[in-house]
Amino acid sequence: STLVPYDSVAVAKGQFKHFMLKEIHEQPESVIDTMRDRISFDSGSLNKNAVPLSKTDIDSIDRIVLIGMGTSLHAAMVGRVWIESLTRIPAEVDNSSEFRYRDPIVDDRTLVISVCQSGETADTLAAMQEASEKRAKQITICNYDGTQTTRIAENTLLMRAGLEIGVASTKTFVCSLVSLLLLSVHIGINRGTLDSARV
């Protein structure tokens, strides 16, 4: 492997002492990118193609399962609260690494939401494959288009957090949450569980 000269690293960090601090300061811009073209603040609504999940798909969902690992799992835990409160669909959260080993009860009336920043986490991919074999509908929330999760899931909601070099998740956690809230609102609108004032 090639070593990156220290000067290049210093330039990449800019005025910040380390990458994590830089990425904390990048969070507002990343959140704006996650919402860009998806929300109309003038009308207080989601734009037509904000979330790639049709009303037909939503009408056929009886249950939602969120899966993820590490920080993505924690985002999914928050997402579960929003989904149940805003859509009135029963939801549960599972650690991707345990999902397939318990022979989960999912079918074609289940929506599986995978949260996976890289789109390449092996345990999440295995869990998604298990869900596919059981004919569950799937949407993935990830940071990069063309990754493995985007190939398995029928639908993708890109978080658009940008590159994150710091070990601790900053931008990707916040953008995962924003994406989950967008998804929850979209489902709630289509199910009629949210009025325009709450949206």
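The values are calculated or read from the model by the stated rules, or taken from the named source; none is laboratory data. Only a predicted model underlies this, so the values are computations on that prediction, with no experimental measurement involved. Counting neighbours? That spans all protein chains shown, and the Cβs are built from the backbone with ideal geometry, glycine included. Accessible surface is based on the protein model in full, side chains and every heavy atom, while ligands, DNA and RNA are left aside. Shrake-Rupley method; radii C 1.70, N 1.55, O 1.52, S 1.80 Å.
What the table shows:
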{"quantity": "So VAL106, is it open to solvent by less than 40 Å² (accessible area, probe 1.4 Å), part of a loop (DSSP other than H, G, I, E, B), of a type in the set (Val, Ile, Thr) and in contact with a Lys or Arg (Cβ under 6 Å, 6 or more places away or on another chain)", "calculated": "yes"}
{"quantity": "Residues (in a loop (DSSP other than H, G, I, E, B), open to solvent by less than 20 Å² (accessible area, probe 1.4 Å) and in contact with a Phe, Trp or Tyr (Cβ under 8 Å, 6 or more places away or on another chain)) located in the stretch 145-194", "calculated": "GLY166"}
{"quantity": "Pairs, first touching a residue at least 40 places away in the same chain (Cβ under 8 Å) in the stretch 93-107, second crowded, with 18+ Cβ neighbours inside 10 Å, C-beta under 9 Å, six or more apart", "calculated": "VAL106/VAL65; VAL106/VAL112; VAL106/GLU130; VAL106/ALA131; VAL106/ALA136"}
{"quantity": "Residue in the stretch 79-99 that is touching a helix residue (DSSP H, G or I) at 6+ places or on another chain (Cβ under 9 Å), surrounded by fewer than 20 Cβ atoms within 10 Å (Cβ to Cβ), on the phi > 0 side of the Ramachandran plot and among the basic types (Lys, Arg) present", "calculated": "yes"}
{"quantity": "Which listed residue, of SER118, SER114, is in a strand (DSSP E or B) and of a type in the set (S, T, N, Q)", "calculated": "SER114"}
